[in-house]
Amino acid sequence: MKGDTSRIIGGRSKAALSIMIAAMLALSAFALIAADPGDDEFEGTLGAPVKTMIAAGDIHCLALCQDGTVWAWGENTYGQLGDGTTINRSEPVQVLVLTDVVAIACGGLHSLALRSDGSVWAWGANDLGQLGDGTSGPGSNKAPVRVMADSTTVLTGVTAIAAGGTHSLAVKSDGTVWAWGNNVTGQLGNGTNTNSNLPVQATGLTGVTAVAAGFGHSLAVKSDGTVWAWGYNVAGQLGDGTSGIGTEKNVPVLTGMTNATAVAAGQNHSLALKNDGTVWAWGANGLGQLGDGTTTIRSTPVKTTGLTGATAIAAGKDHSMALIGGNVWAWGYNGKGQLGDGTTTQRNAPVQVRGEEGTGFMTNVTAIAAGGEHSHAICTDGSVWSWGDNKFGQLGDGTDDESSPFPRRVSRLNVNLKSAKHNWLLIVIVAAVLVIAVVAAYFLYFREHH
């Protein structure tokens, strides 16, 4: 009896030891993940690590996570959220199909994504060919489709993208600009006013590093710091000293900007960031969107009042934003609270965006975006914040009611999180270890009893 008891105890001890070892392995695996700061970045074939991004369209939004996935929320009538439905979403949903994404852009009712292999994907409204897949019409694509170079070849070699009201832009690795979609005001820049459902080359541009697309005009920054513009020009948004009906340009023209590093385009106004951290603006200004302290239309660039040290800019329908030292500044139309200063008062000069519930000011911001009448920011901890119009859930906090003049946190989204496939792999490994341990414990126990 004593021997049997010893064998049973020994068997149980071995089983317990096996389970203990399995538990230690499982805990170790989880500990490795917990110890990882989560700031490793997906490396694309273009050589640039993924930077978290936020993009805003007329009434929808996109966020690019560090794992290369894209999430969307807001209005979805034309499938611009890319989740396979036309259901509006007041919280983020994952865009179908897409992985390894390195850049995103929101248009009026369509969306774009650039993958690490240099291909461009598009979804949403396509009535004027703005998806660039060789088709156009009243329908829409509720999931991403590849932008084509021609009827049989996929567009590749792209390094930057932008989406306008009903047109799209791409920069290729050779510095050329390609455009597709609506061209009624010459916003494709190819010397015609003919719409195109496939990319066409903007005339005469080389050495381009960045682009921006407004409602009906386009902007490009060249490596020499000059800014070029084409398309609609009713309010002087091309910055070439002209304005009014009949002054639109269907080929790029030189603006008065030099030493520029980035551009942004609103409905009828334009912004540029210079290498000295100052912000310059031109075009429509009836709502103070140029930030020069006036409401005077400008057909050449003017300096936005009081801003230095800016590192990023964004342009909404009729408002503008700048990022300075982790703080956000905004100016222009504010009827929906899109300036985030706790009021709905128009501002002709920049004001600082306040914190949650109006407490203090926003800090630790790394990226900004401006939509139709809503605004967004990403913070260093990966949280995403929104303010302004919320009629279609574009604030992403699970509501679709009143607008907010203060930032609200977007629900269930942290752009710094690691890839889901990484987490699933961990779960599978841990589960396998536990199963093996339990089976081993069973056989050890069974052998001791028989």
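The values are calculated or read from the model by the stated rules, or taken from the named source; none is laboratory data. As the structure is a prediction and not an experimental result, all values here were calculated from the model. Virtual Cβ from ideal backbone geometry, glycine too; neighbours counted across all protein chains shown.
Whenever a residue of the stretch 297-317 is outside the structural domain of residue 278 (by TED's automatic domain parsing), it has no partner that is part of a strand (DSSP E or B) lying with C-beta atoms less than 7 angstrom away and at least six residues away or across chains.
Among the residues of the stretch 129-141, those that are of a type outside the set (Gly, Ala, Ser) and crowded, with 20+ Cβ neighbours inside 10 Å comprise 130, 131, 133, 141. For first residues located in the stretch 389-404 and under 15 Å from residue 58 (Cα atoms), partners that are of a type in the set (Gly, Ala, Ser) and surrounded by fewer than 17 Cβ atoms within 10 Å (Cβ to Cβ) and lie 6+ apart or on another chain with Cβ distances below 8 Å form the pairs 396/411.
Of all the listed residues (213, 220), the sole one being touching a residue at least 60 places away in the same chain (Cβ under 8 Å) and within 18 Å of residue 252 (Cα to Cα) is 213. If you take the residues in the stretch 340-369 that are more than 21 Å from residue 285 (Cβ to Cβ) and charged (D, E, K, R), which one is surrounded by the most Cβ atoms within 10 Å (Cβ to Cβ)? For the stretch 340-369, the residue satisfying everything is 354. If you take the residues in the stretch 114-156 that are part of a loop (DSSP other than H, G, I, E, B) and hydroxyl-bearing (Ser, Thr, Tyr), which one is modelled with the lowest pLDDT? The residue in question is 151.
For every residue, the table says whether it meets (1) assigned to a strand (DSSP E or B); (2) closer than 23 Å to residue 133 by Cα.
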{"position": "170", "(1), (2)": "yes, yes"}
{"position": "178", "(1), (2)": "yes, yes"}
{"position": "194", "(1), (2)": "no, yes"}
{"position": "199", "(1), (2)": "yes, yes"}
{"position": "228", "(1), (2)": "yes, no"}
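On inspection, residue 372 passes the criterion of being buried (at least 19 other Cβ atoms within 10 Å of the Cβ) and out of contact with any strand residue (DSSP E or B) (no Cβ under 7 Å at 6 or more places or on another chain). Could you go through the stretch 285-293 and let me know if any residue there is more than 23 Å from residue 379 (Cβ to Cβ), of a type in the set (A, V, I, L, M, F, W, C) and in contact with a Gly (Cβ under 8 Å, 6 or more places away or on another chain). Looking for residues that are more than 23 Å from residue 379 (Cβ to Cβ), of a type in the set (A, V, I, L, M, F, W, C) and in contact with a Gly (Cβ under 8 Å, 6 or more places away or on another chain), one finds at least one in the stretch 285-293, hence yes.
Of all the listed residues (242, 176, 194, 206), the sole one being surrounded by fewer than 18 Cβ atoms within 10 Å (Cβ to Cβ), closer than 30 Å to residue 137 by Cβ and in contact (Cβ under 8 Å) with a residue 24 or more places away in the chain is 176.
Of the residues screened, residue 220 is one that is outside any loop (DSSP other than H, G, I, E, B), closer than 21 Å to residue 235 by Cα and either in the same structural domain as residue 262 (by TED's automatic domain parsing) or acidic (Asp, Glu) (or both). Applying the condition of being in contact with a Pro (Cβ under 6 Å, 6 or more places away or on another chain) and closer than 22 Å to residue 379 by Cβ to the stretch 51-105 and asking which residue is surrounded by the most Cβ atoms within 10 Å (Cβ to Cβ) yields 73.
Here 299, 243 are screened, and the one residue that is farther than 26 Å from residue 374 by Cβ, in contact with an Asp or Glu (Cβ under 8 Å, 6 or more places away or on another chain) and either of a type in the set (Gly, Ala, Ser) or modelled with pLDDT under 95 (or both) is 299.
Only residues that are surrounded by fewer than 24 Cβ atoms within 10 Å (Cβ to Cβ) and small (Gly, Ala, Ser) were counted in the stretch 164-173, giving 1. Just name the residue that is nearest to residue 86 (Cα to Cα) out of those in the stretch 99-114 that are out of contact with any Leu (no Cβ under 7 Å at 6 or more places or on another chain) and in contact (Cβ under 8 Å) with a residue 40 or more places away in the chain. Of everything passing the filter in the stretch 99-114, 109 is nearest to residue 86 (Cα to Cα).
What's the total number of residues in the stretch 109-124 that are buried (at least 24 other Cβ atoms within 10 Å of the Cβ) and among the small types (Gly, Ala, Ser)?
Count: 4.
Within the stretch 324-343, is there a residue that is out of contact with any Lys or Arg (no Cβ under 6 Å at 6 or more places or on another chain) and more than 23 Å from residue 54 (Cα to Cα)? Yes; the residues of the stretch 324-343 include at least one that is out of contact with any Lys or Arg (no Cβ under 6 Å at 6 or more places or on another chain) and more than 23 Å from residue 54 (Cα to Cα). Only one of the numbered conditions (1) farther than 30 Å from residue 137 by Cα; (2) over 25 Å from the mean Cα position of the chain (by Cα) is not met by residue 233, and that is (1).
Does at least one position in the stretch 416-433 carry a residue that is closer than 30 Å to residue 310 by Cβ and either at pLDDT below 65 or charged (D, E, K, R) (or both)? There is no residue in the stretch 416-433 that is closer than 30 Å to residue 310 by Cβ and either at pLDDT below 65 or charged (D, E, K, R) (or both). Of the residues examined, residue 185 is not one that is touching a Ser or Thr at 6+ places or on another chain (Cβ under 8 Å), not charged (D, E, K, R) and not in a strand (DSSP E or B).
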